[in-house]
Every structure is written in C-alpha cells, then in structure tokens.
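For reference, the structure discussed in these notes is given below.
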Amino acid sequence: FIEGDGDTQTAATAAQTLSVWNQRLQSDYDSEGQRLAAPGLRGLLHTECLHTVLRTLTSGGRRRPLLGRAAAVAAEQADGSPRRRASSTAEVLESKPIDSNHVPSEAVVGEQLAHLMLRASEAPEALIAQLLTLLAEAAEAADRCGGALSEEKNPAEEDVGWVVNLVLATLAEKSEADALASQRLSEALRSALDNFSKASELCDKSSTPQHLATSKAAPFAGGGRPDIGSNVWACWPVDGHWYRAKVRGFAPRDRVRVSWCCKEEGQEGHECVPCVEISDVDAELFNELSSSSVMRVDASIRRPPAVLAQVPPENVWAQALQKVETHGRNFQELRCIGKQLDFHLDWANTVSGDADAKEEEEPSVWRYVPDDGCHIDIRSVPAIAGSRTHERLIAGEVFRVSETFEGADGTLYLKLADGRGWVFESKAGIGTLCVRCQSDSESEGHSEELSQEKPLSGAAETISAWRVEIEERAETLGSFAADCEEEVKTFEDQISSSTAAMAGELEALHRERALTARRADGLRMRREELLVQLRLVEEEIQEVESADAELNRRESQLKNSMARVSKELAEQLETSQENGLVAACRQRVLLSTIEASKSVAEQITQRAAVAANAVQGRKRLSGQQKKVTSALLESDRARYHELQEMISSWQELIWGPGSGILVANPSASVALHAAHLQAVSLVEDSQREAEEAASTNGALGFEGLWRLGSSSSKSAISRQMSRASAGYKLMREQLCENLTRLGELQCATTRKSPVSTGSTTSSRSGSGFLQAFGIGGGDSSKEPQESQDSWAAKGADDGI
C-alpha cells in the first residue's frame, strides 16, 4: 500500500486500524456529548498508534491522493456547521466495518485519517485542516523532485517530516490526557454530588403525602387472625359495606381468600344476617381481599359501618412519581460517573504498575545539543557510517530513546522511541552531541517522577528549534528560486540572439548560392559557344560544383547545430522553470509551516497551563470513589423506599376496605391506573439498571484490553444491586396485580355490582386490561382452575 505495489493487505490493515480507533474515540462520549475518562483517547496516546500510522502513510507513493482527501475532509469539517460536522462524522463512524479482504481506496483511508485527527487533536479544527493541507502540498513537492531534481529529493522529504512532526505536536501527551481526564471527572463528580445533595434535602424538607403518612389499617381490624372455614365480616370492594363470608385460605401479600355467603345460606338460623346479592362471576372476581377488609364475627357485636374512604388528589401521586424519577436520574448520573472514575483509577494503577515492572524499558528523554548547531542525519542501523534515512534531528530537539547500544569503539548509540532510527551520543573530533535530560541519580524515584512529570515538557522547545531550521531552509529556497528566474531570462535571451545570427548567416548562404547558380549557367553557355576553351571551362565548372557541394554541406551543418542548440536551451529552460516552481512551492509550504508552528506553540503553552492546573486535582479523585459509591447506593435506597411506600399505599387503597371509592369515582380509578402505568415503567427501568450494575460492576469494556482489575468495593455494590433487583421484580408483580384488580373494579362498575341480573361477563377483565397496555399480569396461576374454566365457558364479552 505504501509503495504503490498492490500490497492490498497493508492497505486494509491501515484502514481497519483507523476505523477501529475512530469507533473507540466515539465511545468516549456519553449520551450528553461529554467526554470524561476518555479511555479510547488515552489508549490511542498510550499505544502511539496514530504516530506510527501517520508516519507510515506519509512515506510512500500513494500518499498524495490520500493526504489530499484527508485535507479536503478536514476543511469541510472546519468550515461546516456543527450539525453538518456531527452528521458527517456519524456517517463515517456508522458505516460498515472495513473488511480486511476488501481493498480500500485512498479516499476511504484519507477520510478515516481526517476524522481520527480531528477527534484526537487538542488544536482547533481550522488549524488541523491547515496542517493537513500543508502536508499534502509538501508531499506533492517531494514527489516532483525526480530526474534532474533528484538532489532536492532528500531536503523535500525532510520538509514532509517537519510538517508531520508539527501535526503530531497537536496531539495531547499521555500525562496531559490523564490530567485533563482528572479535571473533567472532578467537575462532573462535584456536579453530580451537588445534585444528589439537593435532591436529598428537597425530599427531607417536603412533607410526606397524606396517602403515604396515613398508617396502614390493622390486620383483621384488630380482632385476631380467623381460622380457615370460620365465618367473618368481609368488606365488599364495590360499595364498601360489610357482608358475611367464610375464610377459604390465605394468600401472599397479607391477603385472605373468602367465599361470600349467599342469601339462602345466610337465612338458615340467621334471618338478620346481611348477605350480598352477587353473581358467580363477581364472587370469583372478588374472592381475595386484604387482611384489613376481613374481621372476625366475634370481634364486632353489630355489623361494622360502611367504609368512607377518600382518594388523594392526583398531584400527590405525581409528586411521589417525580421524586422517584429524580432519584432515578441521580442514580444514572452517579453510576455513569462511577464507571468512568473506576476506569480512571484502575488505569492510573495499571500504568504506574507497568512503569514499576518495566522501569528499565521505559523510554528516556534526551536532547540534541551540538556545539556547531548543525543537524544530524538519523541512521537506519547503529553505526556512524550506516545508511542515512530521510529523517534528521535539529539543534535543541528533544526526543525519547527506547534502547541503547554501545559499539566496539565505545560510542553509545541511541534508538529513537518513535521508530525513526538511530543516532549516536558523541563522535570523535566533534564531541558530545546528545545529553540526557534526566540524570541517573534520579532513576530510583522514576515511577513517582513519571506521575509528577509536567505535561508537554520539551514540546515547545522542540517546535522552536524546528522553526529556526525551517526559516533558514525557507530563506535558502527563496534565493534559489530567484537565481532560477534569472537563469530562465538569460537562456531566453541566448535563444533569441543565437537564432537571429544563424538566420542571417543562412540567408547570406542562400544569396551566394543564387549567384553561383547564375554563374554556372553563363559558363555552360560559353562552353557551347567556345568549344575551343572546353577544357578550361570544364575545370571551372568542376570548381564551381565543388564549391556548391561545400555550401550544401555547410548549410546542413548549420541547420543541425541550430536544432541541437535550440533543443538544449529548451531543456535547460524547462528544467529551470521546474526548479523555480518546486522551490517556490517548498518555500510557500515552509513559510506556512512557520506560521502554523507559531499557532501550535501558542496552543501548547495554553494546554501546558491548563494541564498544570489539572494535575493538582488528580490525587483528590482517589478519595472520591467512596463518596460516589455511597451516594450511588443511597440514591437507589431512596428510590426504592419511595416506590415501596407508594406501592404499599396503593395496595391498601385498591385491596383494602376503601376500594369502593374507586368504583364510585371512575375518574380517580383512571388516574390511579395511569399512575400505575408510569410506576411500572419506572420500576422496570430501576430493575434493569440494578441488574446491569450487579453484572457489569461499572466496566467500560476496556478491562481485558488494558488488563484493568476490579476493586473489592464493587462486590458490595453488586450484592446490594442484586437484592434491589429482586425487590424491584416483586414491586412489578405487585403493580401488575393492582392493575388487574383495577380492571376488575372498573368491570364491576359497568355491570352495576353487587346487584346482578344474570350477567354473562366472562374471564377476569384485569388480565385483558394489562394486555391492552403490553404489561404481563400478576400470578394468575393462583386462581383455581375450575373458575378459569367456568369463565372461559360463560362467554367472550369483556366488561371494560
């Protein structure tokens, strides 16, 4: 792919690598577009993948269309509106994954490179677009240096390398990215804890709603638990009056199953015993009551009075549900930040652990400081006489060394960590060339110093050194371009003068030939007249013919010389014009690079100040992890408590003796039903969040990639979330049962219960009521099979 020789596998690998990292950087943003821990960006900087890919893509024959497309895409992103930029980026990221067997075009690779640079760089989009444009122009100028311009090939490739280094300088450093992530997490954590505190204070100050503050009625009206088969007073849910019934058994959630006494049974020896007149369907529908709706017969001498209940206002339920939603939002926010914080702390521990384990392999920082200020060419092998690459180091440049090698002559060779090649520490006759920025005596606290190392250290000095070298090169190219222009004018004047002189000489030859021809004709005539002088005339004719042949030969030579000189001058003119164009192009690129380097240096200075401030708050994050965990669990407890209290109050209202008010007030029943549907949605969301928290333990999906571990505190969160998930599941079942009972009460309202006139209503209307809204019912399997068969046999009419 790089050399243009049809290496499709390398092309697919480069495009696939850029696509994968684009997707990882996209996953750094949450639903609100914020980037906190930024695991994708920090992984990209840690692996230095973008450095390798950019240097590789800018060193081959297929780089011109690739870089041209990248510059065009970056310019579109910089000039377009935010909506246009977001849609364009989403189209690239949501496109089909690049197949390694498919040959991608230069345009595809260029688009991926542009989007990755725009996401990973800390510089403005306009500056990135300008740098990519300069890189494309520098690559074009380097590709034009061939043939007669082969001597300018290496300097032109060095121009490309300078622009590449300037582009890479806009990327954040590892320590800078860590510091900025700490700052963003600190601000987000402070905001989340403030929101949690405000929500807790608001819940504490607000008074408890009346329907929640009212104490639950005593089971069995304080008369003691009845025995199975005993006669009891039971409150008919439709009208709120008490009638005689018999206990059939007990059900979960503190409920009692009863069978209502018909009038024939009640008149046997108890003529004054009140019995309800209901159909068999209603008797089966309301055969399960709450314990507060049942009273032993011996607990009350007279028939208990009818229950007069009141339905709370709708805004009371709305306020309670709003509290649950607030606690849910706080839980989601804290859980999101907690996951990001766990990754951030695990990342810091992992990186510091790798630094301690591989301290000797950590790249050291060196500086190139020659006494004469000249540059040094980078070698491809550790040898002074080794082959030289197109890369070089300039005076004052800071670089990282990943490996050292001592030669047989005692020269210390340094391998650049970015893979560009080797340089040497010193050279005989010149002296020391490279010095280490950190002394060996400080290596004992190396891991601690790595964490305290100032971000962007040495980047501004390196760019300044590059700028000095580039300014000198630009000045030289300007002088060379002026000389080329003067040479072009000189060659043009020479071509004009030589052409005019040769044309005059050729015209003189033509005139002389004409005179010779006329003389030959006259002599021939004289030969005919003077046969006596034939021999002399013949000799003169031979001389004239010889002179004519000589003139022809000289004419041919002049024409050939004229053509050769014109061709040579034209070639020299074309070469001088090409030299002038390439020199002017390179000069323009270098001058633009100088201006861009000033902007990059200013950006680095600002970024260094921001990163220095962010480093101060990095250590405070480790102590905030417990606060996040505590606030997360407390937020879930508050949400669980609010839901539990609200559902308990609804349970008493729907299943208790005051449920008749819902029959008398259909609007209240409809409002309560709507509140139940909203509560079901909240409970399902809470259950899903609890299950995710219990299973993932706050993972972001990078643990296997970066060998990140989980802390012991996550197991406690997992246990509590598992218990909360089970509780939310029970709440959902209870809400579904409440919806079923609400459907039964509304069905009874339409049939004007309890007085029944042979109703043909069929199966439990509450189940159909739930299915109409896509909610599964409660434990319908608890109903007797006989009643289910009887409901199915009585018809298909639904009372709702």
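The values are calculated or read from the model by the stated rules, or taken from the named source; none is laboratory data. The model shown is predicted, which means the values in this text are computed figures rather than measured ones. Note that we place each Cβ from the backbone using ideal geometry, even for glycine, and neighbour counts take in every protein chain shown. Accessible surface areas use protein heavy atoms only, side chains included; no ligands, DNA or RNA. Shrake-Rupley method; radii C 1.70, N 1.55, O 1.52, S 1.80 Å.
Approximating the spin labels as points 7 Å out from Cα along Cα→Cβ, the GLU684-to-SER667 distance works out to 2.9 nm.
Distance between the C-alpha centres of region 617-690 and region 121-176: 59 Å, rounded to the whole angstrom. Straightening the chain between GLU578 and ARG302 buys 87.6 nm, computed as 0.36 nm per residue apart minus the Cα-Cα spacing. Each 5 Å bin from zero holds the following percent of Cα-Cα pairs in region 518-606: 3, 11, 9, 8, 7, 6, 6, 5, 5, 5, 5, 5, 4, 4, 3, 3, 3, 3, 2, 2, 1, 1, 0. With R₀ fixed at 22 Å, the C-beta to C-beta distance from THR605 to VAL369 puts the FRET efficiency at about 0.45. The simple spin-label model puts a point 7 Å past each Cα toward its Cβ; for GLU540 and LYS427 those points are separated by 8.2 nm. Label-to-label distance, GLU507 versus GLU485, with points set 7 angstrom from Cα along the beta-carbon direction: 3.5 nm.
Given +1 at the Cβ of Lys and Arg, -1 at the Cβ of Asp and Glu and no other charges, the dipole of region 507-633 around its Cα centre is 2340 debye to the nearest 20. Applied to region 639-653, the Karplus parametrisation 6.51 cos²θ - 1.76 cosθ + 1.60 on θ = phi - 60° returns per-residue 3J(HN,Hα) values of 5, 4, 5, 4, 5, 5, 5, 5, 5, 4, 5, 5, 4, 5, 5 Hz, with x for Gly and Pro. Rounded to whole numbers, the Karplus 3J(HN,Hα) couplings from phi for region 159-168 are 4, 4, x, 5, 5, 4, 4, 5, 5, 5 Hz, using 6.51 cos²θ - 1.76 cosθ + 1.60 with θ = phi - 60°, and x at Gly and Pro. These residues, GLU555, GLU152, GLU176, GLU634, go from largest to smallest accessible area, 1.4 Å probe, as GLU634, GLU152, GLU555, GLU176. Taking amide H as placed 1.01 Å from N in the peptide plane, the amide H of PHE250 sits under 5 Å from that of ARG257, each at least 5 places away or on another chain. Amide H contacts of PHE424: LEU414, each under 5 Å away and 5 or more positions distant or on a separate chain (H built 1.01 Å from N in the peptide plane; Pro and chain starts excluded). Using all Cα-Cα distances in region 462-503, what percent lands in each 10 angstrom bin from 0 up to the longest? Histogram of Cα-Cα distances, whole percents per bin: 25, 25, 21, 15, 10, 4, 0. Estimated from the Cβ-Cβ distance and a Förster radius of 30 angstrom, the FRET efficiency linking ARG400 and ASP194 is about 0.10. Using the Cβ-Cβ distance between GLU692 and SER630 with R0 set to 22 Å, the FRET efficiency works out to roughly 0.65. With all protein chains present, how much of the accessible area of region 563-618 (probe radius 1.4 Å) comes from carbon and sulfur, to the nearest whole percent? Answer for region 563-618 is 53 percent, counting heavy atoms of protein chains only.
For region 378-389, putting each phi into the Karplus relation 6.51 cos²θ - 1.76 cosθ + 1.60 with θ = phi - 60° gives couplings of 7, 8, 7, 10, x, 7, 5, 8, x, 5, 9, 8 Hz, in residue order, rounded to whole numbers and with x for Gly and Pro. Pairs to check: LYS626/LYS729; LYS153/LYS415; LYS339/LYS626; LYS174/LYS598. Give those whose C-alpha atoms are more than 20 Å from each other in this structure. Those over the limit are LYS626/LYS729; LYS153/LYS415; LYS174/LYS598.
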